Amino acid sequence: MGRTPCCEEMGLKKGPWTPEEDFILTSYIQQHGHSNWRALPKLAGLLRCGKSCRLRWLNYLRPDVKRGNFTEDEEDIIIKLHGLLGNRCAHHMSCYFFVYQ
């Protein structure tokens, strides 16, 4: 039971993304949104699986993904949380600051 494998034996491309694919994915999402990740690659004209498109968008192409180093304020918060709650929470908060701000 369950879903069929997303990339297996379907002729879909694996490996590094090209700048052209990034442009196609970004353009499509800006025009149409991303309500159905499994259908998006076919609608956008990409030979990728929906999971690959979703991860590429969420981790690299979204306009609100923060790049670069932490600010001093962010570092202070992470250090305080580490002292208060330990490694696990500090790690999650560092991911939060890196991705969402």
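Read-outs: derived from the displayed coordinates by stated rules, not from any lab. All figures in this text were calculated on a predicted structure; none of them were measured in a lab. Reconstructed Cβ throughout: ideal geometry from the backbone, glycine too, with neighbour counts over all protein chains shown.
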Next item on the list: Rank these for me by crowding, GLU74, GLU21, going from fewest to most other beta carbons within 10 Å.
Entry: GLU74, GLU21
Check: With θ set to phi - 60° and the Karplus curve 6.51 cos²θ - 1.76 cosθ + 1.60, what are the ³J(HN,Hα) couplings of the range 15-20 in order, to the nearest whole Hz, using x for Gly and Pro?
Finding: x, x, 7, 8, x, 5
Checklist line | Mean projected area (nm²) of the alpha-carbon convex hull when the range 19-61 is viewed from all directions | finding: 2.5 nm²
Checklist line | Cβ-Cβ FRET estimate between HIS32 and ASP73, R0 fixed at 41 Å, reported to 0.05 | finding: 0.65
Next item on the list: Please report PHE70, PHE23 as a ranked list, fewest other C-beta atoms within 10 angstrom at the top and most at the bottom.
Entry: PHE23, PHE70
